[in-house]
1. Taking Ala127 as the residue in question, decide whether it is buried (at least 22 other Cβ atoms within 10 Å of the Cβ), modelled with pLDDT of 95 or more and under 23 Å from Ile347 (Cα atoms).
2. Considering every residue within segment 161-170, establish whether at least one is within 24 Å of Phe337 (Cα to Cα) and away from the ligand (no atom under 16 Å from the Cβ).
3. Let me spell it out: the conditions are (1) within 30 Å of Leu185 (Cβ to Cβ); (2) within 16 Å of the ligand (Cβ to nearest atom); (3) crowded, with 21+ Cβ neighbours inside 10 Å, and Arg253 meets all of them except one. Which number is the exception?
4. Among all residue pairs at least 6 apart or on different chains, which show Cβ distances below 6 Å where the first residue, located in segment 158-170, is in contact (Cβ under 8 Å) with a residue 24 or more places away in the chain and the second is of a type in the set (Lys, Arg) and more than 10 Å from the ligand (Cβ to nearest atom)?
5. Within segment 223-231, identify whether any single residue is surrounded by fewer than 20 Cβ atoms within 10 Å (Cβ to Cβ) and under 30 Å from Pro19 (Cα atoms), and answer yes or no.
6. If you take just the strands (runs of 3 or more DSSP E) that sit entirely in segment 36-139, which of them hold at least 1 residues that are of a type outside the set (Phe, Trp, Tyr), out of contact with any helix residue (DSSP H, G or I) (no Cβ under 8 Å at 6 or more places or on another chain) and within 29 Å of Leu14 (Cβ to Cβ)?
7. Scan segment 237-245 and tell me whether some residue there is surrounded by fewer than 18 Cβ atoms within 10 Å (Cβ to Cβ), away from the ligand (no atom under 16 Å from the Cβ) and in a helix (DSSP H, G or I).
8. So Tyr200 ticks every box in (1) closer than 22 Å to Arg332 by Cβ; (2) within 11 Å of the ligand (Cβ to nearest atom) but one. Which box is left unticked?
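The values are calculated or read from the model by the stated rules, or taken from the named source; none is laboratory data. Quick caveat: nothing in here was measured; it's all calculated off a predicted structure. Cβ placement follows ideal geometry from the backbone for every residue including glycine, while neighbour counts extend to all protein chains displayed.
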Amino acid sequence: MAMRDLVNENICRLKPYVPGKPIEEVKREFGITCSIVKMASNENPLGPSPKALAAMKEALEQVALYPDGKCFTLTQELARFWGCTEDELLIGNGSDEIIHNLGVTFLSPGDEIIQGDPSFSQYETSATLCNSGCVMVPLKNFTFDLDAMADAITDKTRMIYVTNPNNPTGTMVTKQDVERFMARLPERVIVVFDEAYYEYVENPDYPNTYDYVKAGANVIILRTFSKAYGLAGLRIGYAIGKAELIECLNQVRQPFCVNSVAQAGALASLRDPDQVSRSRRVNSEGKQYLYQEFDKMRLPYAPTEANFIFLDIKTDCRPVFTEMLKRGVIIRTGDIFGYPNFIRVTIGTAEENARFIETLKEVLK
Ligand SMILES: Cc1ncc(COP(=O)(O)O)c(C=O)c1O
């Protein structure tokens, strides 16, 4: 009997996730002994808050016990932090888990989601698992085309993902764009604003999407501790949304989806305002440096509001990627997003950015 006959047919339709290459794998594959910089997965080069590290060490003493399944204290503090109510909050094992559960909770076979193209791959995965379709609306000028996304709504549309800033392009839709879009939305459609890179945004026209939750719209906002808070390895993210939607998501989640060390780390880093301000500053300085270098090299890029830049290297990205790996610099290729002449690079520390530029120049020569 073929394996395909045993497996749920939705699983057979899944496209495998392509992660950034881990440092250890590059060391193994290329026998590299020099230091390796990973600028491939939009992680925080500064790491977590020292206060979070201390809290996590303390939390290790308690790992024989199950975690608080409701994340009571963290939920309470997040509600205070954002000025929302506790029943508008859901904490998950990374926003990845919440995206998975959004599909399980709200999609039935034959439904459709709408997303931008290219954008984050997990929306489609979650829809495919639920035997639902995924309508891809091409970006315009590397940016979500919300007018075209509203045009794409049909009776089958159940959920729309607005990734703001978008991954892999780093671009953002404005308050005015979102206002126009929301005005066209049928009530039965849930809008998910994925704001994983929220803390890095500098543009004052960024929308306050919680206003839509307050106004009673079917809106869910996704945020994460993986980026500006530097806790990607712990897997902790959260949703803020209409209480009735959050209640449904709560029924679907695993009882202990967020481990106790992650809860302690997230809580302590939320209480440390320096973590986000330092990360924003270093990111902003790194962005300006990289922009200047790209301009000098005459390489076009999409304007970013996140901690990564989508860059046109004007040549096939695959050999460039491999040559950079051999020199200990890990980046992400654009071909997986449909842009074979692009790379996506995470903004690093000043030292990492300089090493990346030096290596890119050497490889492109
Ligand atoms: C747009 C977007 N959403 C969600 C995620 C997943 O974040 P988390 O680490 O919270 O699962 C990522 C991770 O790269 C992302 O880029």
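1. Working: buried (at least 22 other Cβ atoms within 10 Å of the Cβ): yes; modelled with pLDDT of 95 or more: yes; under 23 Å from Ile347 (Cα atoms): no.
Answer is no for this residue.
2. Taking segment 161-170 as the starting set, the residues that turn out to be within 24 Å of Phe337 (Cα to Cα) are 161-170.
Cutting the leftovers down to away from the ligand (no atom under 16 Å from the Cβ) gives us none.
The answer is no, given that none of the residues of segment 161-170 is within 24 Å of Phe337 (Cα to Cα) and away from the ligand (no atom under 16 Å from the Cβ).
3. (3) is the only condition that Arg253 fails.
4. Pro168/Arg344
5. Within segment 223-231, the subset surrounded by fewer than 20 Cβ atoms within 10 Å (Cβ to Cβ) is none.
No; the residues of segment 223-231 include none that is surrounded by fewer than 20 Cβ atoms within 10 Å (Cβ to Cβ) and under 30 Å from Pro19 (Cα atoms).
6. Working: elements: 89-92, 112-117, 133-138.
Per the criteria, 112-117, 133-138.
7. In the first step, residues of segment 237-245 are kept if they are surrounded by fewer than 18 Cβ atoms within 10 Å (Cβ to Cβ); the result is 243-244.
Going one step further and asking which of them are away from the ligand (no atom under 16 Å from the Cβ), we end up with 243-244.
Keeping just the survivors that are in a helix (DSSP H, G or I) gives 243-244.
Scanning segment 237-245, I find at least one residue that is surrounded by fewer than 18 Cβ atoms within 10 Å (Cβ to Cβ), away from the ligand (no atom under 16 Å from the Cβ) and in a helix (DSSP H, G or I), so the answer is yes.
8. (2)
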